[in-house]
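The values are calculated or read from the model by the stated rules, or taken from the named source; none is laboratory data. Everything quoted here is computed from the prediction, not taken from an experiment. Positions of Cβ are backbone-derived with ideal geometry, glycine not excepted, and every protein chain shown enters the neighbour counts.
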Amino acid sequence: MTVNKGLLSLVENTPNFSNQALENSVGTLKLGWVLKSSQLDSLIVTNPILTASQKTDLKADINNLSHINLGRVLGDLIRHSASIIDATIIPLVDADNPTPSTFLEILQNVQTIQGLIPELYGVPASDKSRAVNDHLGTINNIFVDTEDSSAPVFTSLLESINFIVTANLATETALETAYTNLINFINSVVGDSTDFQTTLDNLATAVATAHTNLNTALAAEPLLTHKNNLIAQMEKINVQVALENSNLTGMDTFIDTLSSNISFASLAEDATLRRLMSKVAQDKNWQTYFEDYETNQNNLNPIYAGTDKDAIVDRVLADSGLPDVTDATDLVAVATKARRDDRIDTAGYDRLTVEKQISDASKQLLITTANRTIFSLSNTLLNNMNQHDRDKIAKRIDLNQSANTLS
């Protein structure tokens, strides 16, 4: 039920969603060479003079050590999150998606997946890497919050960046200079010229070399620990972005597949359609589902539902009037119960005495009869038959549970 309080004040306004919180968090990481790296990354993306191919080549040239070229990593992260907010991350395919998607549709689809996966798989969406944060974690503060005692990604990154910057390394200063030189050149370019590409290439090479030099300077402790941490945290960011990109771009297909499978399964309630689908389905799992559907459906019974198996057995026995014989000395009653036991062949029993019926039934159930009194034998037989009653109910409970368990 929707909460009405405050709803009226929302009617003529929009939520104005943005990735500003992520941008603010990324901003705290822009220290020293990371700040310059971020400025260069942003300039390359927005510069109106560089051609698309020049931008691609330039970004490749200066990304020789991506854990040093952190501005690119952070820039890609911001651009990725922005594409979620404006929904441009969803491919625009005229045949399937004639109109652009919206952030609202993304949220609704993510919510749909949270319900479909438990229904079909019997596990939470997180078990299939399809939880909310598996789709939208970058804009949900996943890098600034943790659910355990470990440091968040951005907190850990900031610690290492700050440690390296405050170490006052000459190679870090030289890298900042190389970034500045490339930035200034790109800003100065107003059109194509004879030495344009050569100068651009040379300055890009200088940045790549400066990356290598700083990386070398970080090869010994205590700086090595922080270099390794840059690599580890960068990898976490890249893995998260890749997961979200994969989940979001394939979300419509994923939902369609799950929804279709639910619909196919529901059609199995029609016996004629079920037989038809079992013939045309080529997947063995679907064939088995359709072929075993009626058997499994017959095994479903709410009276066998529950978690305490012994308690269910006792309840069903009592509801069925069992045990119907409890006195082993009542030989007639024991023999009569034996005639109802589905394991015992009672052909010709009318010609046998009660004692002989008990003895013969015992032999069929592999109960030792030698050197035993009839009352001892009757007691063992009765216990065996009463246990059989329990075992049959226990089996029905197992069948009910099996038919009602996702597999």
Return yes when Ala305 is under 30 Å from Ile117 (Cα atoms), surrounded by fewer than 17 Cβ atoms within 10 Å (Cβ to Cβ) and modelled with pLDDT under 90 and no when it is not. yes
Before we move on, is Asn141 of a type in the set (S, T, N, Q) and closer than 30 Å to Thr198 by Cβ? no
Restricted to segment 120-159 and to residues being in a helix (DSSP H, G or I), without any contact (Cβ under 8 Å) to a residue 24 or more places away in the chain and aliphatic (A, V, I, L, M), the residue nearest to Ser83 (Cα to Cα) is Val132
Qualifying residue in segment 117-133 (condition: farther than 26 Å from Leu35 by Cα, of a type in the set (A, V, I, L, M), surrounded by fewer than 19 Cβ atoms within 10 Å (Cβ to Cβ) and touching a Leu at 6+ places or on another chain (Cβ under 7 Å)): yes
Breaking point among (1) crowded, with 17+ Cβ neighbours inside 10 Å; (2) aliphatic (A, V, I, L, M); (3) assigned to a loop (DSSP other than H, G, I, E, B), for Leu377: (3)
Here are Thr272, Thr253, Thr295, Thr209: which of them is on the phi < 0 side of the Ramachandran plot and surrounded by 12 or more Cβ atoms within 10 Å (Cβ to Cβ)? Thr209
Within segment 38-79, which residues are modelled with pLDDT of 95 or more, out of contact with any Asp or Glu (no Cβ under 9 Å at 6 or more places or on another chain) and of a type in the set (Gly, Ala, Ser)? Ser38, Ser42, Ala60, Ser66
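Just to check your reading of the model, which residue among Leu136, Leu182 is buried (at least 17 other Cβ atoms within 10 Å of the Cβ) and farther than 21 Å from Gln233 by Cβ?
Numbers: Leu136 fails: farther than 21 Å from Gln233 by Cβ.
Of the residues listed, the single one that is buried (at least 17 other Cβ atoms within 10 Å of the Cβ) and farther than 21 Å from Gln233 by Cβ is Leu182.
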What number goes with the only condition from (1) under 21 Å from Phe143 (Cα atoms); (2) at pLDDT 95 or above that Phe17 does not pass? (2)
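Tell me which residues, restricted to segment 323-361, are outside any helix (DSSP H, G or I) and more than 58 Å from the chain's Cα centre (by Cα).
Of all residues in segment 323-361, those outside any helix (DSSP H, G or I) come to 323-330, 341-348, 352-353.
Of everything in segment 323-361, those that are outside any helix (DSSP H, G or I) and more than 58 Å from the chain's Cα centre (by Cα) turn out to be Thr329, Asp330, Ala347, Gly348, Leu352, Thr353.
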Of the conditions (1) over 27 Å from Phe154 (Cα atoms); (2) of a type in the set (A, V, I, L, M, F, W, C); (3) assigned to a loop (DSSP other than H, G, I, E, B), the single one that Ile117 does not satisfy is (3)
